[in-house]
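What follows is one structure encoded as structure tokens, with my remarks underneath.
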């Protein structure tokens with residue numbers, strides 16, 4: 001089967017061919033929010049002490065297939081590896097260049113990266129995530145870099161690594177008046193919806209938030225440093241004529257909502273994710289995107305991990321992790337660049353080889 005038919009499009013008119021590419025680049029924005037330290041909010045790290053290392057370690061893995069900030073690789077508490085494994089496979093197979101942007105990561109990665117010079121996000125339960133000037137800076141720096149990337153790349157795929165990011169994304173969507181309760185995804189098989197909702201409601205109460213009008217103020221109060229950075233990147237890229245894949249799940253809906261509030265045209269943008277997110281019965285990405293814009297297609301790909309011989313990969317198909325580090329969007333970019341010459345089985349074999357080289361050898 002042609003690889004392009006492995007990409008599912010939510011749009012009434014199939015938009016897959018609109019995003020075909022010859023020279024894409026993948027950008028991973030790493031970030032941090034103290035909200036991730038609330039017990040039970042995330043699986044992104046084997047324990048709470050390691051959560052802050054996950055974004056840096058994810059980005060190191062993309063470059064080297066191993067991590068320098070931690071021993072081993074980022075994993076869930078029961079050992080299921082980072083989705084950076086899927087992303088690295090896609091980038092390697094497609095010879096797609098990768099750029100890491102640090103927008104508020106608590107740990108600086110031990111690789112070349114671009115810093116937006118903003119502080120890590122604070123716990124929104126008790127105080128604003130960012131100073132207003134930092135939110136503007138993350139957006140403005142993103143817009144400048146996005147313009148530069150558009151000069152040499154016809155498609156830019158933007159992924160992220162920020163533990164606890166679906167909770168701050170819920171905060172931003174709520175701030176924009178979107179009913180996102182019980183619609184956000186989770187890295188955990190049992191989605192802690194009630195906990196996320198409680199955190200956002202406590203944030204609104206403790207920060208005395210009432211009827212915010214300024215989009216930057218909404219993101220500063222209830223969001224995290226990833227959201228304005230990705231929104232700025234996507235704005236600069238699309239306004240300069242290139243196309244954008246926002247590679248991620250429901251967090252990217254918060255990015256879209258922010259861009260929409262700033263009246264940024266969204267006609268060159270799509271969301272790219274895994275089928276594990278779009279088929280998730282405990283979240284609703286399509287509702288969120290449709291509420292924001294009818295012009296933004298959702299592209300999804302099934303990595304076929306249910307057929308894997310590796311137990312750590314099979315667990316993705318059973319509702320653990322699902323997405324992250326732009327894995328779905330990276331796989332979609334690979335298929336778009338290959339113009340349908342790759343199939344799911346070939347990609348799965350390469351993912352398993354990467355797993356054997358860089359995961360199994362650490363478990364021996």
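Nothing in this text is a laboratory measurement; each read-out follows from the coordinates by a stated rule. This is a predicted model, so every value here is computed, not measured. A quick note on method: Cβ atoms are made from the backbone with ideal geometry, for glycine too, and the neighbour counts reach across all protein chains shown.
Observations, loosely collected:
- Counting neighbouring Cβ atoms within 10 Å and putting the fewest first, the residues 198, 122, 190 line up as 190, 198, 122.
- Ranked list, fewest to most other Cβ atoms within 10 Å of each Cβ, for 98, 9: 9, 98
- For 333, 82, 76, the sequence from fewest to most other C-beta atoms within 10 Å is 76, 82, 333.
- Remark: relative contact order (the chain) = 26 percent; criterion is Cα-Cα distance under 8 angstrom and separation of 6 or more residues.
- Gaussian network model of the chain, springs between alpha carbon atoms under 10 Å - residue of 232, 164, 65 with greatest fluctuation: 65
- Spacing of the two label points (7 Å from each Cα toward its C-beta) at residue 190 and residue 293, in nm: 3.8
- Where labels lie 7 Å past Cα in the beta-carbon direction, separation of residue 239 and residue 64 in nm: 3.7
- From the coordinates shown, Cα extents along the principal axes in Å corresponds to which of (1) 73, 53, 38; (2) 58, 48, 42; (3) 53, 44, 39: (3)
- Mean residue ellipticity at 222 nm, helices only, the chain: -12000 deg cm²/dmol; runs of at least 4 DSSP H residues each add -39,500 (n - 2.57), and the sum is divided by the number of residues.
- Most mobile listed residue (265, 163, 74) in the chain, GNM with C-alpha springs under 10 Å: 265
- Beta bridges by DSSP in the chain, antiparallel share as percent, to the nearest 5: 15
- For segment 271-319 versus segment 50-72, the gap between their alpha-carbon centres in whole angstrom: 24
- The separation of segment 95-157 from segment 189-207, counted between C-alpha centres, amounts to 25 Å.
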